[in-house]
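Trainee: Take this structure, written in structure tokens, and hold onto it; I'll ask about it next.
The values are calculated or read from the model by the stated rules, or taken from the named source; none is laboratory data. Model, not experiment: these values are computed from the prediction. A quick note on method: Cβ atoms are made from the backbone with ideal geometry, for glycine too, and the neighbour counts reach across all protein chains shown. Side chains included, ligands, DNA and RNA excluded: accessible areas come from the protein's heavy atoms. Shrake-Rupley method; radii C 1.70, N 1.55, O 1.52, S 1.80 Å.
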Amino acid sequence: MKARILIALAGVLVLAGVAVAYVGFASARNHDVTATGSVSLVPGPRLLFRSTADADRGHVATVAVTDPGGARTVSPLSCARVYAAGGTGLCLRPDGDLTTYQLVVLDERLLSRREIPLVGLPNRARVSASGRMLAWTVFVTGDSYNGGMFSTRAGILDTATGDLAGTLEDYAVTLDGKPYQAADLNFWGVTFTRDDRQFYATMSTAGHRYLVAGDFAAHTIRTLRENVECPSLSPDGTRVAFKSAIDADPAKGWRLSVLDLTRSVVTPLAETRSVDDQPAWLDNHTIGYGIPRGPGHSDVWSSPADGSGAPKLLIPDAESPAALSP
Amino acid sequence: MYLSTIGRREHAATGSRRKLSAVGANVFALGAVSLVTDVSSEMVTAILPVYLVLGLHLSPAAYGLFDGLYTGATALLRLVGGYVADRVRRRKAVAGVGYALSAVMKLGLLAAGASATAIGAVITLDRAGKGLRTAPRDALITLSAPEPLLGRAFGVHRAMDSVGAFAGPLVALGVLAAVGATNPEAFDAVFVVSFCIAAIGVLLLVLFVRDRRTPRTTQSASVSPRAALALLRGRGVRRLLVAACVLGLATVGDGFVYLLLQHKEDVATGWFPLLAVGTNLSYLLLAAPLGALADRIGRLPVVLGGYGALAVVYLLLAGPVSGWPLFALALALYGAFYAATDGVLMALAGPLLPEALRTTGISLVQTAQALAYFASSVLFGLAWQFWGAELAIGVAAGAAVLAIGVTFVVLSPRRTS
């Protein structure tokens, strides 16, 4: 017994030593980021993104549209997700500790105009072209990934009136033309139309995922078609870029595609890698999206919206792209 | 004839009633292994959603896939693990493989990087480790404590287990605080620390848990697929399986209970994880006392009382009580339900199973309960969708009451000779 206790003590000491040493090693590599300049959200030929470079991970930065791989301006602001349009920014970031998050409405100089506590993990962020409407998606999880339930919650804020829809689940839903009620409704990936009232989003229920059209003022949502996720409306409002599960099975990956709303024609993009991101229109002909590269790193790529050409590496070590003037 | 002992007051237990240590050093050793292992696994559980969504950018649908990934696979593996443990007469070895597999998978998360496929595989293997170890561990407990003290033994084990589950997220937050939550190394550090703690659990198992190997002559002939099937023909085991299924069917799933609580009170979603904490606290405090109570007044009354508590929880969700009293009462009773049923059902099962096939039998009971639980969750989801929350929870309360009746009829003591 004595020998066993000694072996146990030695083993525990060694393993505890390894754990403590690793934590020490990891914290030694943590360093502060120095901002390289002030980022402006004033519409202009710049691309906004979240940096994933080791030196300034998480910080909001911009590059010139003409030289996206070139010099970047890094701000002191750090976000988990970021988006901006029409001079308004939306930053989803941790609120104190890791368990809670907040939504920050940013002005043109990246200063906070309003902070709203969020519950769940931030996943998507969008701002309407005018900068008036904001939308976000969070994961809401129970206490455990093991058999626990997960759901998403999409919220919308009207910055002009202050109206806040914390979740779209209260909206009146019509599925294939019939009123529909269910406990398992999940919404994510909102994108706004030019009128700052209508929007598109993804709705999932009973194992199906739909493209839905919503009305913020009337609090209504109706389904349009299936297997269209994370829609993103083109600047001219005629097309929706989205990701679709290959063979309608998310386990097989996602294919970026564009839906022509008037002709109801779907065109897959030249990008054949699985893309799990809400696409962003960089202009009326180009779509940008993030592709992860190892833990914590990601690159922004672009592809022509008409399905031609080939994917191009646009901004290395970046994600959450947004064109400040598409 | 085994069944005649189920509901009876166990006079043998009264002599050592006051001494918790009477449950045996092996039970405490197994409890310590579970405690340490749960610290390790719960610290990963606590940060995994953040890691998958923010670190690796998985979308809702991809994240949802991980949820459903392992239900079927681990149920099957549990049966295989149980049978193999009996067949090679090495319950500790099979449990050890399960613990070691889960420990190594903590490093697997590190190695999987951003590949969704690799992460899916790692999580599946991690859960496979859990499936493999649960039945042999519970079988070891039944062999490590005197039969009249089994309720207490399981109570002590489950209480120690919950302490680990409680501490896990706190340890994870401590590591994140030490490393810096925005540090790119933050998640890696949690995984490495989690691995080290899991390895300590394996070490404790290897050094301090003793297996009880019965002589081969009386054993090897009786452990075969045919013998395992014959288990199902035994009246005692069949009744136990019926009871496990009925009890599983009466439980609609934690997620639903918490969602209904939240629904009813419209609390901020930030409180959501705290609901589970409340339940766990109640479970932790009540597991050992209710286990001891089961040894004194009979296991069946305690299990039935547990389902009574569950029925009251469902009624509370549908009833007029609101505000903090509702939360305190519902979560305390929900924890009491787990404390009165989880370990006690195993204490009920243990003595009914021949020693040679005990692990197989326990894995059968656990699998039956898990599958019934899965079915009831799906059914409740549909009921909620088609009938609305109010009616669905009313039906669930009715099912819990019905389960009490059926369990009583099936398991109540009778003369079988």
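Trainee: Could you identify the single residue in B:Ala114, B:Ala178 that is in a loop (DSSP other than H, G, I, E, B) and open to solvent by 20 Å² or more (accessible area, probe 1.4 Å)?
Mentor: After applying the criteria, what remains is B:Ala114.
Trainee: Does A:Thr36 fit the bill of being in contact with a His (Cβ under 8 Å, 6 or more places away or on another chain), of a type outside the set (Asp, Glu) and either more than 18 Å from B:Asn183 (Cα to Cα) or open to solvent by less than 40 Å² (accessible area, probe 1.4 Å) (or both)?
Mentor: For A:Thr36, the condition - in contact with a His (Cβ under 8 Å, 6 or more places away or on another chain), of a type outside the set (Asp, Glu) and either more than 18 Å from B:Asn183 (Cα to Cα) or open to solvent by less than 40 Å² (accessible area, probe 1.4 Å) (or both) - is not met.
Trainee: Give me the strands (runs of 3 or more DSSP E) completely within segment A:22-86, filtered to those with at least 1 residues that are under 19 Å from A:Pro279 (Cβ atoms) and within 21 Å of the chain's Cα centre (by Cα), ordered by residue number.
Mentor: A:46-51, A:59-64, A:81-85
Trainee: Still on this structure, please answer the following. Among the candidates B:Gly305, B:Gly323, B:Gly381, single out the residue that is on the phi > 0 side of the Ramachandran plot and over 17 Å from the mean Cα position of the chain (by Cα).
Mentor: Checking each option against the conditions leaves just B:Gly323.
Trainee: How do the pairs read when you match residues in segment B:236-265 that are within 13 Å of chain A (Cβ to nearest Cβ) and over 18 Å from B:Val401 (Cβ atoms) with residues anywhere that are open to solvent by 30 Å² or more (accessible area, probe 1.4 Å) and outside any helix (DSSP H, G or I), using Cβ under 6 Å and keeping only pairs 6 or more apart or on different chains?
Mentor: Listed by first residue and then by second, the contacts come to B:Gly255/A:Met149.
Trainee: Okay, moving on. How many residues does segment B:119-144 hold that are under 19 Å from B:Pro354 (Cα atoms), open to solvent by less than 10 Å² (accessible area, probe 1.4 Å) and small (Gly, Ala, Ser)?
Mentor: Qualifying residue count for the region: 2.
Trainee: Within segment B:319-331, which residues are part of a helix (DSSP H, G or I) and either surrounded by fewer than 19 Cβ atoms within 10 Å (Cβ to Cβ) or among the acidic types (Asp, Glu) (or both)?
Mentor: Listed by number, the residues that qualify are B:Gly323, B:Trp324, B:Pro325, B:Leu326, B:Ala328, B:Leu329.
Trainee: Run down A:Thr262, A:Thr267 and say which single residue is open to solvent by less than 60 Å² (accessible area, probe 1.4 Å) and of a type in the set (Val, Ile, Thr).
Mentor: The match here is A:Thr267.
Trainee: Can you name every residue in segment A:212-233 that is open to solvent by less than 10 Å² (accessible area, probe 1.4 Å) and among the hydrophobic types (A, V, I, L, M, F, W, C)?
Mentor: Once the filter is applied, which keeps residues that are open to solvent by less than 10 Å² (accessible area, probe 1.4 Å) and among the hydrophobic types (A, V, I, L, M, F, W, C), segment A:212-233 yields A:Val212, A:Ile221, A:Val228, A:Cys230.
Trainee: Against the condition within 14 Å of chain B (Cβ to nearest Cβ) and within 18 Å of A:Thr193 (Cβ to Cβ), how does A:Pro326 come out, does it pass?
Mentor: So A:Pro326 does not fit the description; no.
Trainee: Within segment A:162-180, work out how many residues are in contact with a Gly (Cβ under 8 Å, 6 or more places away or on another chain) and either hydrophobic (A, V, I, L, M, F, W, C) or modelled with pLDDT under 90 (or both).
Mentor: So the count comes out to 5.
Trainee: Sticking with this one: Examine segment B:276-290 for a residue that is open to solvent by less than 10 Å² (accessible area, probe 1.4 Å), away from every other protein chain (no Cβ under 14 Å) and not small (Gly, Ala, Ser), and state whether such a residue exists.
Mentor: Looking for residues that are open to solvent by less than 10 Å² (accessible area, probe 1.4 Å), away from every other protein chain (no Cβ under 14 Å) and not small (Gly, Ala, Ser), one finds none in segment B:276-290, hence no.
Trainee: So, in segment A:219-241, of the ones that are free of Cβ contacts under 8 Å to residues at least 40 places away in the same chain and not charged (D, E, K, R), which residue ends up nearest to the other protein chains (Cβ to nearest Cβ)?
Mentor: A:Asn227
Trainee: How about segment B:1-84: which helices (runs of 4 or more DSSP H) wholly inside it have at least 1 residues that are surrounded by fewer than 21 Cβ atoms within 10 Å (Cβ to Cβ) and modelled with pLDDT under 80?
Mentor: B:11-14, B:60-68
Trainee: Any chance segment A:110-119 includes a residue that's out of contact with any Gly (no Cβ under 6 Å at 6 or more places or on another chain), on the phi > 0 side of the Ramachandran plot and either modelled with pLDDT of 85 or more or away from chain B (no Cβ under 14 Å) (or both)?
Mentor: yes
Trainee: Okay, next question. Identify, please: which residue in segment A:178-212 is in contact (Cβ under 8 Å) with a residue 40 or more places away in the chain and part of a loop (DSSP other than H, G, I, E, B) and is, among those, nearest to the other protein chains (Cβ to nearest Cβ)?
Mentor: A:Thr193
Trainee: Please work out which one of (1) within 20 Å of the chain's Cα centre (by Cα); (2) over 20 Å from A:Met133 (Cα atoms) is the condition A:Leu224 fails and give its number.
Mentor: With respect to (1) within 20 Å of the chain's Cα centre (by Cα); (2) over 20 Å from A:Met133 (Cα atoms), A:Leu224 is out only on (1).
Trainee: Hey, another quick one. Give me the pairs: first residue in segment B:184-202 and farther than 16 Å from B:Ile119 by Cβ and more than 7 Å from chain A (Cβ to nearest Cβ), second residue surrounded by fewer than 24 Cβ atoms within 10 Å (Cβ to Cβ) and among the basic types (Lys, Arg), beta-carbon distance under 7 Å, and six or more apart or on different chains, which are they?
Mentor: Filtered contacts from segment B:184-202: no entries.
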